[in-house]
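Student: What follows is a structure written as structure tokens; I'll ask about it next.
Taken together, the values in this text are just the output of simple stated rules run on the coordinates, not laboratory data. The shown structure was predicted, so the numbers you read here are calculated from the model rather than taken from an experiment. Backbone-built Cβ (ideal geometry, glycine too); neighbour counts: all protein chains shown.
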Amino acid sequence: MKNVVILISGRGSNMEALIRARDAGELPITIAAVISNRPDAAGLETAAKAGIVTHFVDHKGFPDRAAFDAALAECIDEFAPDLVILAGFMRILSDGFVRHYAGRLLNIHPSLLPAFPGLHTHRRALEEGVRIHGCTVHFVTPTLDHGPVVVQAAVPVLDSDDEASLAARVLAQEHRIYPLAVRWFAEGRLALEGGRVRLAAEADGGGALISPGVG
């Protein structure tokens, strides 16, 4: 059973999806702690109600990013995690922090990376007129919203879409593929080779791109 720590900054809807999957017996993990950079993050209460240890490390109490990241890493390492999961953690992490957790730090991003890194992904997708949008689970590297892709889910962009409707459909796919990626990791089905993820053939979906109808 893999030991994981989840980092959040707000509600943590992807955290909620992981808790649901754990409670349903679909994830062979122990969620050792949920940690936020904001003491008022709504997800902390959700996690506590689920019986999970919670902590916050308020980034406002540190003079710079390096000092905050050092304190955050110290808090995380108290739980000896096999995997650290970013679930709406809205902080840019320092190179040293990312390297400390190399190969065991996952993120989910609301676009089909490498398209639309950064913020406002759904608005930018609509402005660019793309016909396919989606989300990506990836291992984190020091480059923002970059790293070996574990799994992606694609959704069509409809002529009737606005930012809110597109975001809602993408979020539903995030809640599907993040637990899937974490399960693959926990079951030892993922391997990093030459900067790419190799996925064991028996894993669900059989590859890196999942459509809304799969699973």
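Student: Please determine, in degrees from 0 to 90 and to the nearest 10, the orientation of helix 163-186 with respect to the longest principal axis defined by the Cα atoms of the chain, where the helix direction is its Cα long axis.
Tutor: Approximately 60 degrees, to the nearest ten.
Student: Given +1 on the Cβ of Lys and Arg, -1 on the Cβ of Asp and Glu, and no further charges, what dipole in debye does the chain carry about its Cα centre, rounded to the nearest 20?
Tutor: Values: 20 positive and 25 negative charges, 42 e Å.
Roughly 200 debye, rounded to the nearest 20.
Student: When DSSP beta bridges are limited to those with both residues in the chain, what percentage is antiparallel, rounded to the nearest 5?
Tutor: Numbers: 15 of 34 bridges.
Taking every DSSP beta bridge within the chain, about 45 percent pair in antiparallel fashion.
Student: Which one, Leu126, Leu86, Val157, is farthest towards the positive end of the dipole of region 46-163 when Lys and Arg carry +1 and Asp and Glu -1 on their Cβ?
Tutor: Of the options given, the answer is Leu86.
Student: What percent do you get for the relative contact order of region 1-53 when only Cα pairs under 8 Å and 6+ apart count?
Tutor: Relative contact order of region 1-53: 47 percent.
Student: Mind pulling up the Rg/Rh value for region 59-134? Radius of gyration and Kirkwood radius, both on Cα.
Tutor: My calculation of the ratio gives 1.07.
Student: Read phi for every residue in region 17-29 and hand back ³J(HN,Hα) as whole Hz from Karplus 6.51 cos²θ - 1.76 cosθ + 1.60, θ = phi - 60°, with x for Gly and Pro.
Tutor: 5, 5, 5, 4, 5, 4, 5, 7, x, 9, 10, x, 9
Student: Please compute the net charge surrounding Val182, taking Lys and Arg as +1 and Asp and Glu as -1 over other residues with Cβ under 10 Å from its Cβ.
Tutor: +1
Student: Given the options Ile52, Ile132, Ile35, state which has the largest fluctuation in a GNM of the chain using a 10 Å cut-off (strictly under) for Cα springs.
Tutor: Result: Ile132 has the largest fluctuation of those listed.
Student: Quick one: helix 65-77 against the long Cα principal axis of the chain, what's the angle to the nearest 10°, folded into 0 to 90?
Tutor: The angle comes out at about 80 degrees.
Student: I'd like the distance between the alpha-carbon centres of region 1-45 and region 108-151, rounded to an integer number of Å.
Tutor: One Cα centre to the other: 22 Å.
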